[in-house]
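Every number in this text was worked out from the coordinates using simple rules, so none of it is lab data. As the structure is a prediction and not an experimental result, all values here were calculated from the model. Don't worry about glycine lacking a Cβ; one is built from the backbone with ideal geometry, like all the others, and counts go over all protein chains shown.
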Amino acid sequence: MRAFEYGNPSSVKQAISLLGSNWSEAAVFAGGTDLLSLMKDSIVTPGRLVNIKEIRELHGIREEKTGMVIGAATPLEDLYDHFSPRKILPALLTAIEGVSSYQMRSMGTAGGDLLQRPRCWYFRNGFGLLARNSKGQPLVPNGDNRYHAIFGNQGPAYFVSPSSLAPALVAFDASVRIEGPKGMREIKVAELFRIPRDAEEREHTIAPKEILTEIVIPASAHNTRSATYEVRERKFMDWPLATASVALRMEGRQVRQASVVLGQVAPTPWRAEAAEKALAGKTLDEATATSAGEAAVEGAHPLSKNGYKVQLVRVAVKRALLAAIA
Amino acid sequence: MADIKWPPAADRHLIGKRISRIDGPLKSSGRAKYAYDQNPPNMLYAKLVTSPYAHAKVTAIDTSAAESMPGVHGVYIFTPVGKEVNWEGQEVVAIAAETEELAEDAASRVKVEYEELPYLVADTDPQHAGEGRFRSLSEEKTGDPDQAFQQADATHEGMYSIPVITHCCMESHGSVAQWENGKLNVWLSTQNVSGVSGEYATPLNIPPANVNVQCQVMGGGFGSKFAADSWGVAAAVLSQKTSRPVKLMLERDTELLAAGCRPSMHAKVRVGAKRDGTLLAWDSESWGTGGMQGAGVPRLPYVIEIPNRRTHHTTVFTNIGPARAWRAPNHPQMCFLTMPALDDLAAKLNMDPLDFFIQNIALTGERADVYKEELLKAAEMMGWKQKWHPRGDKTPGPIKRGVGLSIHTWGGAGHASNCRCTIHPDGSVQVALGSQDLGTGTRTVIGIVAAETLGLPLEGVQVEIGDNKYPPDGASGGSTTVGGVSSSTRVASTNALNELFAKVAPSLGTTPDKLEAVGGQIRVIGDPSKSMPWKQACAKLGATPIVAMGERNSTLISSGVGGAQMAEVSVDIETGVVRMEKMVAVQDCGLVIDLKTAESQVYGACIMGTCYALHEEKIMDQQTGTCLNANMEFYKLSGLDDIGEIAVHMMTDPAIENRGVIGLGEPPVVSPGAAISNAVANAIGVRVPELPMTPNRVLEALGKGGKV
């Protein structure tokens, strides 16, 4: 690991002043569960870490008129403790439970979950986010892409978004608040993510000199039936192979409006619009859930070794839908 | 002296009981010191520079930038300019520095230039390997397979594959080396305490006697830790050069890249039987890779000697990594190429594989009756007859359950061993051997044998191992340790006791041959009223302790074991996810010294087997020659929630115990791959031909893995 400066600000404003205008100057340091391993492997080499754990207003969960506000530095375990006894927002609760390492859950933060970097093994082994060889050719299409994207993968990005919480947050139409030198801006969680167009772009729309401060879940989320289903090879500390988070506005057994968001299958959380359309106005049962699963894979573009993920998406969507109304 | 024997069952107070390992509290409280925990004063840390290429020639090494950093004290070159590296992660340079961070920083500033050379990292068949990349190792024919296939009522042809995996020791390879006054002390994580000193002698230019090797506890070796290894020698040479202790432990990525691989094996198998299941013929075309040095020749079919058979095996030379003995070398592979093929044939004959195996049990040879008994015992523990169904669980819903079985064998004769037993005048007892405890319970077994022999409680014996200053002992490989150390300890303790008997016999008014040691007393056989407490007896030694030696004794040990395992799985046929529900392991290994640590060995083997059946593989990128999963994130092992229930039964009837002590470490890890694969086939109705049975492979076998 390269030597670095360490800043320990006590306010967001102070923290922003310590950040740089590009990623190599400084990095925001919260739980560190991802950042430190990236630094140990020299995948990122920021000159300065800006610790935000000491900033009080970034911690905790509070209710505002518009909805629930979660401080970005709140540990996942605190979220779990908040949601679990209240049995609210089950899609989010299941996603938190899916972070099956207690160490990760205790140290990892809500904001860090959204901003963690992809697990793509080419990226993590030093071939860059777009995974190219020394001649600039992409490695993923002809490489071992068993864990890579089946949507949004027409190039140049093939990795999958690793966030556990994002699919559920997108399904709830949640927002994030971002503070920068020019003040605060609020964007949808979905807009926090993008498919990078070139090697200069990151997979998040946040700028180097900005800090994700809060996550806002609109009050309307409480009026949904929701669920998350993750397909995982192991119960023990493992990334899901595919995830579906659904939030449904119901009228009796009829779906008025459906949000179906996929995780681990595209460079961003992936909204399955065809599935949402297929559900609108339908009575939700095994048959409609199955056809929604089928609709969810419309437009899938599997690579040489990840065709099985198409099947996993079908099943994850079907099972999340059935779990939401169970 | 009478012939040396094990005590009869009725007289055993410790042997064969369930006894907790004596170093358990030390380990569970974190007080046990592993090589990694040794921090002698003034110690330097060494870090490696390794090859990023699968095959390359080193053309230049520039260490000047690293060496000019304050706090960098030593450089060691493994692969000088002009030499080749043959796998990613192979060691090239080591740097020793004041701190771990500095050493790593300095290592990153070493500039190595390479000429990239052609490589092969595909675990491919010989036809696709390319010229010079394979060698036919053996072609054998027994009986008349062609004619036998014609006589067969049913034949089955299949392809079976078991990949390259690594040892993935929880404690990585490495050591702390301390050069002091012309001598070397080394704390080495090793399976070979008594045998490695010679590897240091030449590079350090000192006699082997000046090398002290210590390993009190270790976190797994599985066959990959017999040698000092190049990085062990590097630590020693750097210590000699700098006159400071040097710690060099492999990082996890290097551990997975360079510290050893289990060779792969693949086979096209054809097997034929009569309508009643009687096996007639076998034909296999097999290949596999053990890196650049090739791998062993499988004996196929495994355990079940089908009378008419033809086998051909080819080794493929690849740059995937260096092959090393992996717990039961060749056996998990041979087992996986055999048992699933037989299971598939049984399915074709609509036979319950239990009936099918028993029908053919005579083909296992002279221990056929034991195998039969083990299979029946396993069936009872599994509830096989209630759980088994023809291929494909027909119950509704996506979760399908199934059961599968396999049998295996191993040798396990005791290695050369020397034990020194000392009885002190204060009554304390030490037994010392230059052996090692890999985590298997060796230390406890030695204590049990000595205490049983001397009629003392286990706490009455101090066991000294893990240091080459003690009498030399064999390397712990091939499941040879328990036979070696138990017999030499029995002999040494008996010899010491006989000397003690000679001292105390006059006081008890008898001759030494009329004495026995039981329950902390020396007493006259048949007249318990004439006795003397142990301490009082030892006081008769005056100032001189008894020191007696013992060697391995072949009348106390034997070799050749068998075992039967059954697995029960549930498979989600919509996602391809396999869950272990239950594993049953029935195992014989002669006389069991400590039932608890023996059972623990089998539990551990079942877990290790579950890992390689369902998750483990070394994943290589063909375009760059590099390994994609040299970490614990994607080199997957099972977690506690993933292993299901494990039920172990050790065969301990008198006929088996009378064979003497036989090794156990390896055999129970042989069958899980085959048994779990057979269980999956039973559940879902089709064979997943390749391990590990990850969701992508299961869905592909089910025809659901393809494109949209």
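Phi-derived couplings, Karplus 6.51 cos²θ - 1.76 cosθ + 1.60 at θ = phi - 60°, listed residue by residue for segment B:5-10: 9, 7, x, x, 3, 5 Hz, with x used for Gly and Pro.
Can you return the lysines within cross-link range of B:LYS27? Criterion is Cα-Cα under 26 Å, with same-chain partners fewer than 8 residues away left out. Output for B:LYS27: B:LYS17, B:LYS225, B:LYS247, B:LYS469, B:LYS596, B:LYS636.
With the highest mean first, a sort of the peptides B:86-93, B:645-652 on other beta-carbon atoms found within 10 angstrom per residue produces B:86-93, B:645-652.
How high is the relative contact order of segment B:414-554, in percent, with contacts defined as C-alpha pairs under 8 Å that are six or more residues apart? Answer for segment B:414-554 is 36 percent. Pairs of Cα atoms nearer than 8 Å and 6+ residues apart set the relative contact order; for segment B:463-524 it is 16 percent.
Find the centroid of the Cα atoms in segment B:341-380 and in segment B:665-698, then give the distance between the two in whole Å. The distance from the Cα centre of segment B:341-380 to that of segment B:665-698 comes to 17 Å. Annotation: lysines with alpha-carbon distance below 25 angstrom to B:LYS535 (same-chain offsets under eight excluded): B:LYS503, B:LYS514. Each semi-axis of the equivalent ellipsoid for chain B is √(5λ) with λ an eigenvalue of the Cα gyration tensor; in descending order they amount to 44, 39, 20 Å.
For segment A:5-53, the relative contact order comes to 52 percent (Cα pairs under 8 Å, sequence separation of at least 6). Estimated from the Cβ-Cβ distance and a Förster radius of 51 angstrom, the FRET efficiency linking B:ALA416 and A:ASP41 is about 0.70. What is the protein assembly as shown by shape, rounded, prolate or oblate, if you read a ≥ b ≥ c off the alpha carbon gyration tensor as root eigenvalues and call it rounded for a/c under 1.5, prolate for a/b larger than b/c, and oblate otherwise? Because a/c hits 1.5 or more and a/b exceeds b/c, the protein assembly as shown counts as prolate.
If I model segment B:414-554 as equal point scatterers sitting on the Cα atoms and use the Debye formula, what is log10 I(q)/I(0) at q = 0.08, 0.13, 0.19, 0.20 Å⁻¹? Debye intensities relative to I(0), on a log10 scale: -0.21, -0.52, -0.98, -1.06. About the centre of its Cα atoms, the protein assembly as shown shows a dipole size close to 1120 debye [charges on the beta carbon of Lys, Arg (+1) and Asp, Glu (-1) only; nearest 20 debye]. Sorted largest first, the spans of the alpha carbon positions of segment A:36-77 along the three principal axes are 43, 18, 17 Å. Think of the protein assembly as shown as having a plus end and a minus end, set by charges on the Cβ of Lys, Arg, Asp and Glu; of B:PRO118, A:GLY32, A:TYR229, A:TYR229 sits farthest toward the positive end of this dipole.
Using the Cβ-Cβ distance between A:MET1 and A:ALA207 with R0 set to 22 Å, the FRET efficiency works out to roughly 0.30. Looking at chain B only, what percent of DSSP beta bridges run antiparallel? Nearest 5 please. Taking every DSSP beta bridge with both residues in chain B, the antiparallel ones total about 75 percent. Shown is the FRET efficiency for A:ARG185 and B:GLU113, computed with R0 = 60 Å from the Cβ-Cβ distance and rounded to the nearest 0.05: 0.80.
Based on alpha-carbon centroids, what's the gap between segment B:147-212 and segment A:82-129 in Å, whole number please? What the calculation gives is 38 Å, centre to centre. In angstrom, the C-alpha Rg and Dmax of segment B:1-76 are 26.0, 71.
Remark: mean inter-chain Cβ contacts per residue of B:696-703 equal 3, using a 10 Å Cβ-Cβ cutoff to other protein chain atoms. Taken residue by residue and averaged, Cβ atoms of other chains lying within 10 Å of the Cβ of A:225-234 number 3.
Positive-end ranking of B:ILE525, B:VAL482, B:VAL449 along the dipole of segment B:414-554, with charges on Cβ about the Cα centre, is headed by B:ILE525. Applying a length cut-off of 27 Å (Cα extent along the axis) and a mean Kyte-Doolittle floor of 0.5 to the DSSP H helices of chain B leaves B:595-614. In terms of its C-alpha gyration tensor, segment B:1-135 comes out oblate, because a/c is 1.5 or above while a/b does not outweigh b/c. Would you mind counting up the charge near B:GLN151? Only other residues with Cβ under 12 Å from its Cβ, with Lys and Arg at +1 and Asp and Glu at -1. My count for the surroundings of B:GLN151 gives -1.
Among residues other than B:CYS261 with Cβ under 9 Å from its Cβ, the summed charge is +3 (Lys and Arg +1, Asp and Glu -1).
A cut-off under 11 angstrom between Cβ atoms defines the neighbours of B:ALA368, and their net charge, with Lys, Arg +1 and Asp, Glu -1, is -3. Within the same chain, lysines fewer than 8 places from B:LYS348 are excluded, and of the rest, those with a Cα less than 27 Å from its Cα are B:LYS141, B:LYS268, B:LYS274, B:LYS372, B:LYS377, B:LYS385, B:LYS387, B:LYS394, B:LYS400, B:LYS582, B:LYS704.
Taken over segment A:5-53, the ratio of Cα radius of gyration to 2.2 N^0.38 Å equals 1.07. Counted by neighbouring Cβ atoms within 10 Å, the residues B:ILE358, B:ILE557, B:ILE320 run from fewest to most as B:ILE358, B:ILE557, B:ILE320. State which helices in chain A qualify, where a helix is a whole DSSP H run, it must extend 20 Å or more along its own axis by its Cα atoms, and its mean Kyte-Doolittle hydropathy must be at least 0.5. Helices passing the filter in chain A: A:308-324.
Of the residues A:SER21, B:SER108, A:SER259, the one with the fewest other Cβ atoms within 10 Å heads the list, and the complete ranking is A:SER21, B:SER108, A:SER259. Summarising the overall dimensions of segment B:575-708 from its C-alpha atoms, the Rg and Dmax are 17.9, 62 angstrom. Candidates A:GLY47, A:TYR80, A:TYR147 compared by Cα position along the dipole of chain A: farthest toward the positive end lies A:TYR147, with charges placed on Cβ. Ordered by the number of other Cβ atoms lying within 10 Å of each residue's own Cβ, fewest first, B:PHE317, A:PHE4 fall into the sequence A:PHE4, B:PHE317. Multiplying the residue separation of B:LYS57 and B:GLN147 by 0.36 nm and subtracting their alpha-carbon distance yields 27.2 nm. The alpha carbon centroids of segment B:507-579 and segment A:46-81 are separated by 61 Å. Look at the stretch A:309-321: the mean tally of other chain Cβ atoms within 10 Å of its residues' Cβ atoms is 4.
For B:ASN468, the amide hydrogen comes within under 5 Å of the amide hydrogens of B:VAL213, counting only partners 5 or more places away or on other chains and with H modelled in the peptide plane.
Inter-label distance, B:MET632 to A:ALA219: 4.7 nm, where each label sits 7 Å from its Cα along the C-beta direction.
Couplings 3J(HN,Hα) of segment B:288-301, computed from phi: x, 10, x, x, 7, 9, x, 9, x, 8, x, 9, 10, x Hz, in residue order, whole Hz [Karplus 6.51 cos²θ - 1.76 cosθ + 1.60, θ = phi - 60°; x for Gly and Pro].
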